[in-house]
Structure formats: C-alpha cells, structure tokens
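Contents: one structure, followed by commentary.
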Amino acid sequence: MVETATEPTLFEGMAKTSLQRAFEQFDAENPAVWIEFRDSALRLIEAGRRHYGAKSIMETIRFHRDVRRNAEGFKINNNFTAYYARKFMDLYPEHEGFFETRAVRREQSDEQD
C-alpha cells in the first residue's frame with residue numbers, strides 16, 4: 001500500500017530543522033524504504049512483539065537492499081531511523097511505544113517564528 005499525498009506531515013506545525021527536511025525529502029524520494037519499515041514493524045507486532053528496535057529494522061532494510069537487490073551505493077542516514085520510528089507511531093497510534101524514542105535535540109531551525 002502506497003501512502004497518499006494527503007497525509008499530514010510528521011512535523012506539521014513545527015519549525016523544521018535541516019535534518020527533518022532532509023528526512024522528508026529522502027522519505028518522499030524513497031517510498032519503498034517506508035513501506036519496508038512499516039511492513040517489518042507490523043509483522044513483528046503480529047508475531048507478538050510488544051517492543052522492538054527501529055535500528056534493527058533499518059539494518060535489515062540495508063541488508064535486503066545491499067545483498068538481495070545488489071543496490072550498490074544505496075545509503076540511509078542513521079539519523080533517519082528515529083524519524084521512521086516516530087512516523088510509524090504517529091500513523092499507527094495504537095502501537096505508540098512500540099519503538100523507544102528519546103526527546104529530539106532541536107538544532108536551530110532555519111525558519112523564524
């Protein structure tokens with residue numbers, strides 16, 4: 001299932017940092033990464049897991065792309081993992097807490113309030 005363009009953005013109403021903008025651009029340009037992340041999390045939940053590490057899912061995605069698909073040069077910024085975890089819990093609030101998240105350290109936004 002492909003996400004529609006009418007979804008609210010994860011950071012709606014907040015001044016965006018450069019990392020947030022980079023994540024949103026990567027996410028928009030690589031929708032298959034989100035689909036694989038979401039589907040992996042949902043399979044884990046279906047298998048009975050109550051908590052899981054988002055980094056483990058991201059490393060599995062890297063493995064699939066590097067080895068099975070021979071996607072040479074494919075890169076996912078490690079800092080995007082937390083944004084995928086938050087996106088998942090934002091879109092699936094019934095699974096809030098599945099991923100452990102920490103408070104985001106705010107880098108100075110390029111936007112003025």
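Data table
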| read-out | value |
| --- | --- |
| Dipole of the range 37-102, positive end: most advanced residue of HIS51, GLY97, HIS64 [Cβ charges, Cα centre] | HIS64 |
| Distance between modelled label sites at ARG62 and ILE45, nm, 7 Å Cα→Cβ extension | 2.5 |
| Difference of contour (0.36 nm per residue) and Cα-Cα distance, ARG102 to ASN79 | 7.0 nm |
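All of the numbers you see were taken from the coordinates with simple rules; none came from a lab. Small disclaimer: the values here were computed from a predicted structure and weren't measured. Note that each Cβ is placed from the backbone with ideal geometry, even for glycine, and that neighbours are counted across all protein chains shown.
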